[in-house]
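Written out below as structure tokens is the structure these notes cover.
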Amino acid sequence: MPRPIQALIHTRALSHNLAQVRQAQPDARVWAVVKANAYGHGIERAFEGLRSADGFALLDLAEAERLRALGWRGPLLLLEGAFEARDLELCSRLNLWHVVHCEAQIDWLAGHKTAMKSQQGHRVFLKMNSGMNRLGFRPAAYRSAWARLSALPQVDEISLMSHFSDADGARGIAHQVATFDRVTQDLGGERSLSNSAAILRHGAPPLRNDWVRAGIVCYGSAPDHPAHNAAHWGLHPAMTLRSRLIATQQLQAGDTVGYGSSYTATADQRIGIVACGYADGYPRHCGTGTPVLVDGVRTATVGRVSMDMMAVDLEPVPQAGHGAEVTLWGNGPAGTMLSIDEVAQAAGTIGYELMCALAVRVPTSAVD
Ligand SMILES: Cc1ncc(COP(=O)(O)O)c(C=O)c1O
């Protein structure tokens, strides 16, 4: 029998979450962001639930090829554009739209010969660094980049794009939108600004998006946790990580649990040992007290997470024994649920990181 750990990808939740995006931003077309193997969910499985998106945004040419192989003929956007000149060949062949964020990428385009008459020209998203200071042309350089691109015969269409640094927080987006609008007001072309947090928190006009880029919201995690949780935004978890108890221990006062003896029982206490550890992608930084469901009952971890196992308090679930179902995050039995964001918070991180870190050794399957 295999180790009892398992990840489930809920295709119906993916579709539901996409519908929430459309409700929040009814006038925009939606890129479902499926970079990083669809935030750990698996491109093929995510595609099942997200196929009603208007397009898919990602980073890797190999992931773009996988989507084309699944039969997707619609738009695909490379969020970081080409990494070297020869990537443009594949962009033409697979009809990939791509971000242009630096001069080198314009140079590559200028030197790129469209090999066959049947190949389409390039549709590019010109990225402005409006304050994130990661990728993009600074506002003062943006218009000359646009002019250079529009003079290239290789380029069919230029869209305008930027990315927000604080859509999930108090600083908000107004300062970046003002910069973007000031620089682009008389430029034609479609616009794409909003990520999940901006879609949910700043969806109303006057912010104009022809395309929004919805990542984490599709996967059912709140982009602004703990200010809001997934339930507040009407999102459903798209990933469940579950396992079983493979042992129980009866502790006495003074007994310790796990490496480093970081937990000491203060009274008699029954604990369960779960077949899940950091080699499965469960964060080692989760200390005693991290929420977990056993047979759908909320309880908490005790002691340190080790490579393949962790311990949970069974005092709130006296009936739970060997083989009891453990929900690390996502959907539990009988309609119970544990948000990945709560577990992430206990580890001092965000739901994004936990999803992306799901280990390849965890058997994963898509369910409705
Ligand atoms: C350029 C760009 N757009 C959109 C996204 C999606 O962000 P989120 O998952 O917060 O929606 C990302 C993710 O990092 C990104 O880098």
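The values are calculated or read from the model by the stated rules, or taken from the named source; none is laboratory data. Note that the structure is a prediction, hence the values are computed from the model and not measured. Using ideal geometry, Cβ is built from the backbone for each residue, glycine included, and neighbour counts are taken over all protein chains shown.
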Scope the range 41-62; condition modelled with pLDDT of 95 or more and within 15 Å of the ligand (Cβ to nearest atom); matching residues: His41, Ala46, Leu50, Ala53, Asp54, Gly55, Phe56, Ala57, Leu58, Leu59
Residue, surrounded by the fewest Cβ atoms within 10 Å (Cβ to Cβ), within the range 185-204, restricted to residues that are of a type outside the set (Ser, Thr, Tyr) and in contact with a strand residue (DSSP E or B) (Cβ under 7 Å, 6 or more places away or on another chain): Leu187
Top-ranked residue in the range 219-229 [being buried (at least 24 other Cβ atoms within 10 Å of the Cβ) and more than 10 Å from the ligand (Cβ to nearest atom); ranked as nearest to Gly172 (Cα to Cα)]: Ala222
Filter result (surrounded by fewer than 21 Cβ atoms within 10 Å (Cβ to Cβ) and within 16 Å of the ligand (Cβ to nearest atom)) within the range 161-176: Ser165, Asp166, Gly169, Arg171, Gly172
The listed residue being over 23 Å from Thr349 (Cβ atoms) and surrounded by fewer than 16 Cβ atoms within 10 Å (Cβ to Cβ), out of Arg182, Arg134: Arg182
The listed residue being away from the ligand (no atom under 13 Å from the Cβ), modelled with pLDDT of 95 or more and under 30 Å from Gly49 (Cα atoms), out of Ile216, Ile158: Ile158
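Matching residues to (1) within 13 Å of the ligand (Cβ to nearest atom); (2) without any contact (Cβ under 8 Å) to a residue 40 or more places away in the chain:
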{"residue": "Asp186", "(1), (2)": "no, yes"}
{"residue": "Ala238", "(1), (2)": "yes, no"}
{"residue": "Leu245", "(1), (2)": "no, no"}
{"residue": "Gly254", "(1), (2)": "no, yes"}
Condition broken by Thr301, with the remaining ones in (1) among the polar types (S, T, N, Q); (2) within 16 Å of the ligand (Cβ to nearest atom); (3) outside any loop (DSSP other than H, G, I, E, B) satisfied: (2)
The lone exception for Ala253 - which of (1) assigned to a strand (DSSP E or B); (2) surrounded by fewer than 19 Cβ atoms within 10 Å (Cβ to Cβ) it fails: (1)
Index of the failed condition, Arg45 passing every other in (1) surrounded by fewer than 23 Cβ atoms within 10 Å (Cβ to Cβ); (2) among the basic types (Lys, Arg); (3) over 22 Å from Leu160 (Cα atoms): (1)
Single match in Leu90, Leu109 (criterion: modelled with pLDDT under 95 and in a helix (DSSP H, G or I)): Leu90
Residues of the range 309-326 that turn out to be touching a Cys at 6+ places or on another chain (Cβ under 9 Å) and either closer than 19 Å to Ser261 by Cβ or modelled with pLDDT under 95 (or both), as a count: 2
Some residue of the range 127-134 being more than 16 Å from the ligand (Cβ to nearest atom), out of contact with any Asp or Glu (no Cβ under 9 Å at 6 or more places or on another chain) and small (Gly, Ala, Ser): no
Selection count, the range 153-171, where residues are more than 27 Å from Trp108 (Cβ to Cβ) and touching a His at 6+ places or on another chain (Cβ under 7 Å): 1
So Arg66, is it in a loop (DSSP other than H, G, I, E, B), at pLDDT 95 or above, farther than 19 Å from Ile158 by Cα and not acidic (Asp, Glu): no
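Yes or no, residue by residue, for (1) surrounded by fewer than 22 Cβ atoms within 10 Å (Cβ to Cβ); (2) over 22 Å from Pro363 (Cβ atoms); (3) without any contact (Cβ under 8 Å) to a residue 40 or more places away in the chain:
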site	(1), (2), (3)
Gln269	yes, yes, no
Val274	no, no, no
His285	yes, yes, no
Val292	no, no, no
Gly296	yes, no, no
Thr301	no, yes, yes
Ser306	yes, no, no
Ala311	no, yes, no
Test: residue in the range 326-335 that is farther than 26 Å from Ile9 by Cβ and either in contact with a strand residue (DSSP E or B) (Cβ under 9 Å, 6 or more places away or on another chain) or buried (at least 22 other Cβ atoms within 10 Å of the Cβ) (or both): no
Pairs, first under 15 Å from Val217 (Cα atoms) in the range 35-46, second among the acidic types (Asp, Glu), C-beta under 6 Å, six or more apart: none
